[in-house]
1. With (1) touching a helix residue (DSSP H, G or I) at 6+ places or on another chain (Cβ under 9 Å); (2) open to solvent by 20 Å² or more (accessible area, probe 1.4 Å); (3) over 23 Å from Gly22 (Cβ atoms) as the list, and Val263 as the residue in question, which single condition is left unmet?
2. Going through the stretch 23-53 one residue at a time, which ones are small (Gly, Ala, Ser) and open to solvent by 20 Å² or more (accessible area, probe 1.4 Å)?
3. Restricting attention to the stretch 64-86, which residues are under 20 Å from the mean Cα position of the chain (by Cα), open to solvent by 20 Å² or more (accessible area, probe 1.4 Å) and closer than 27 Å to Tyr182 by Cα?
4. Just to be sure before I move on: is Lys300 of a type in the set (D, E, K, R) and crowded, with 17+ Cβ neighbours inside 10 Å in the structure I sent?
5. For the stretch 218-315, which helices (runs of 4 or more DSSP H) that fit wholly inside it have 3 or more residues that are within 24 Å of the chain's Cα centre (by Cα)?
6. Quick test of your reading of the structure: Ser290 fulfils all but one of (1) open to solvent by less than 10 Å² (accessible area, probe 1.4 Å); (2) among the hydroxyl-bearing types (Ser, Thr, Tyr); (3) under 26 Å from Ala444 (Cα atoms); (4) modelled with pLDDT under 85. Name the failing condition by number.
7. Between Phe148, Phe95, Phe100, Phe104, which is modelled with pLDDT under 90, farther than 27 Å from Ser299 by Cα and among the aromatic types (Phe, Trp, Tyr)?
8. Quick one: Thr414 ticks every box in (1) modelled with pLDDT of 75 or more; (2) open to solvent by 10 Å² or more (accessible area, probe 1.4 Å); (3) part of a helix (DSSP H, G or I); (4) more than 28 Å from Ser315 (Cα to Cα) except a single one, so which number is it?
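The values are calculated or read from the model by the stated rules, or taken from the named source; none is laboratory data. Because the structure is a prediction, the values reported are computed rather than measured. Cβ atoms come from the backbone with ideal geometry, glycine included; neighbour counts cover every protein chain shown. In case anyone asks, the SASA skips ligands and DNA or RNA and just uses the protein heavy atoms, side chains included. Shrake-Rupley method; radii C 1.70, N 1.55, O 1.52, S 1.80 Å.
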Amino acid sequence: MDSTKVTIKEKIAYALGDAAAGGITWKIMSIAFPLFFTNVFGLTFADAAALMLIARMFDVVTDPLMGSLADRTQSRWGTYRPWLIMCAIPYGLIFALLLFTPDFGPTGKRIWAYTLYLMMMAIYTAVNVPYGSLLGVMTDDDNQKNQFSSYRMVGAYAMGFITLLSFPYLQKMVGGTEAHQYAVLGAAFGIIAAAMTLACGLMTKERLKPVRAEKFSFRQFVDLFRNRPWIFMTLMALCTNFFNGFRYAVAGYMITYCLGGDVTVGALIINYTVFMAFGEVTCMIFGGISPAFTKWIGSKRMAFVWSAVICCVTSIAFFFIPMDARFIWVMVVVSVLTSVGCGLYSPLLWSMYADVADYATERFGTSSTGLIFSSGTMAQKLGGAVSGALIAFLLGIAGLVSETDAATGQTIVTITNESGVQHMVWSLFSLVPAAIAVAMGILAYKFPIKK
């Protein structure tokens, strides 16, 4: 294929897809949902943990089926693009409804949260599995794949930075109760995400036709487990998403319970979204540098290893920072250094998935691009949900209790062991991710494809 046909405009259009998914919906779901569900919406910590785990069991089935279905789609828009075009509006609408707090009792709220969360996971799958798979049919040039992947990560992190940095100021501008603020911002961000997803579907091109297995067969699922690179890739993806999931989901609790609430530095309000926003801009920069870094290191596999080393060392360093708001800039700097590693490995992840899909086609004779990329989406959701569920579960054990007042409907959070909660939160942001980074590095080192 002539790679000159791939334009900057198309790369930007492709980036819009992850700006919507990774920069808006998933970013808010990862960093705000645990705190939103327990401290604003009114779920108990046990309910919040169960919600996220049940949704993951649901995804174990829906994600691979969506990948297989996408691989067999035929339309005038291609194989994967029609899913982005058709699902864009429902995607934004369901996201908005999920951040709305209805005036229901505890049982009604529980039903609302479970129903909308499961719907959100389903529509996220219907959009993001085809989106990821699209990378495998836009070009057969490895360098162009790396560039598309890099643009994707820059788009996700740039939009993530804008989302997280603006969130507390937008809340202040909206005013009213926290529930009202989340509802308004959910609607606004939902509209933006839908528009970006639609633009991505309409402005990209599918240049390659997958070698189809037209009839559904369980053999394609069996072939996955015969695909050694896929096994390693899936485990690596789980590690990266556990790593990010713990850090993002616990950030709100860290600011609230370890630092005594939002930290004001001059005109800057550093709440949990702003704190993580510094890392987003770092990831954006180093996501753009990742292709050059990979070329300098010599292979995607070893570039991933060194990225994991950076994440591990800086996460351990964070644990030794005093738990005091006066050290907020030290915390920001160390968190930013951790984001250097995240920024470097993020584009590699999806480029390596494309390599795994190519390997599968060569070995088994038919395309399973959608199915293979669906495991990346499943790993993303599994990592975010399990980390969020474990955080809610462990904080409940440590002494943090959330419940809804039966008379007023207001959420009441109490602490039975302040020191235990603080040390649990601090470890979940530092030592636990460090251990995950070690596993990530080992898996990357042993990854079978040596590109």
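1. For Val263, the exception is condition (2).
2. Correct list: Ser30, Ala46, Ala50.
3. none
4. On the way: of a type in the set (D, E, K, R): yes; crowded, with 17+ Cβ neighbours inside 10 Å: yes.
Criteria met by Lys300.
5. 228-253, 272-297
6. (4)
7. Answer to the selection: Phe104.
8. (3)
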